[in-house]
Amino acid sequence: MNNQAEKYRKYYEALDTIGCKHVSTPRQIKNGTRVFRLPFRDAYDCDIDFAVYESGYVRKLCKIGYAPCYQINKTRKVDGGFFKITTGPHAGLFRKRYDHTERILIPGNGDRLEYLFNFIMRNYFRAKPKYDFTIDMERLNWSAKWGYGEFGFDTCDEDAQNEILKKLQQ
């Protein structure tokens, strides 16, 4: 139990460091739910909230109808198997259950907060390059033509060449 409390405190401070705010209501706290809000908004100008539940679930919350709330826990495939029908006209027969996906619950409070922190870092704070390309003369000539109206990189003045190189290296 002490290990979970230390882990919770550690990752709570880490979430605070990256700017996440603890925005749980008193009723949510009473129920064992903790809600955290990211320091920026999404493309629809809505807050990005995540909830950690006492039951073991971790969810991303959405406040308007463009997307539902969804669980971010890991999943596993479950074979439905067979079960025996005990009532009705088909009693004694077997029926196949559907195969389905089941969420893996996270038992410890500190473990849930660690999982949420890692999810946020992986999906919201890692730099993802827009394009993966190499800088060659063809790329430089194309940038000079469309960015500066020149015939090629060699025809640009030194300031324009430096600006093109800076933009391509970002």
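The values are calculated or read from the model by the stated rules, or taken from the named source; none is laboratory data. As the structure is a prediction and not an experimental result, all values here were calculated from the model. We place every Cβ from the backbone using ideal geometry, glycine too, and count neighbours over all the protein chains shown.
A few comments on the model shown:
- Selection from segment 1-43 of residues that are in a helix (DSSP H, G or I) and among the aliphatic types (A, V, I, L, M): Ala5, Ala14, Leu15, Ile29
- Residue in segment 96-105 that is modelled with pLDDT under 85 and of a type in the set (Ser, Thr, Tyr) present: yes
- Members of segment 120-157 that are among the basic types (Lys, Arg) and at pLDDT below 80: Arg126, Lys128, Lys130, Arg139, Lys145
- Residue list for segment 75-116, filter: in contact (Cβ under 8 Å) with a residue 24 or more places away in the chain, acidic (Asp, Glu) and either part of a loop (DSSP other than H, G, I, E, B) or more than 19 Å from Arg34 (Cβ to Cβ) (or both): Glu102
- Here the condition is being in contact with a helix residue (DSSP H, G or I) (Cβ under 7 Å, 6 or more places away or on another chain) and either surrounded by 12 or more Cβ atoms within 10 Å (Cβ to Cβ) or modelled with pLDDT of 90 or more (or both); of Val23, Val52, it holds for Val52 alone.
- Residue within segment 97-115 that is exposed (fewer than 10 other Cβ atoms within 10 Å of the Cβ), among the small types (Gly, Ala, Ser) and under 31 Å from the mean Cα position of the chain (by Cα) present: no
- Where Arg126 falls short, out of the listed (1) charged (D, E, K, R); (2) part of a loop (DSSP other than H, G, I, E, B); (3) surrounded by 14 or more Cβ atoms within 10 Å (Cβ to Cβ): (3)
- Residue check: Tyr12 meets all listed conditions (1) free of Cβ contacts under 8 Å to residues at least 60 places away in the same chain; (2) in contact with a helix residue (DSSP H, G or I) (Cβ under 7 Å, 6 or more places away or on another chain); (3) of a type in the set (Ser, Thr, Tyr) but one, namely (1).
- Among the conditions (1) more than 20 Å from Ile104 (Cβ to Cβ); (2) touching a strand residue (DSSP E or B) at 6+ places or on another chain (Cβ under 9 Å); (3) among the hydroxyl-bearing types (Ser, Thr, Tyr), Tyr57 misses just one, which is (1).
- Residues (among the basic types (Lys, Arg) and under 19 Å from Arg9 (Cβ atoms)) located in segment 25-46: Arg34
- Criterion (in contact with a strand residue (DSSP E or B) (Cβ under 8 Å, 6 or more places away or on another chain) and hydrophobic (A, V, I, L, M, F, W, C)) met by exactly one of Phe153, Phe82: Phe82
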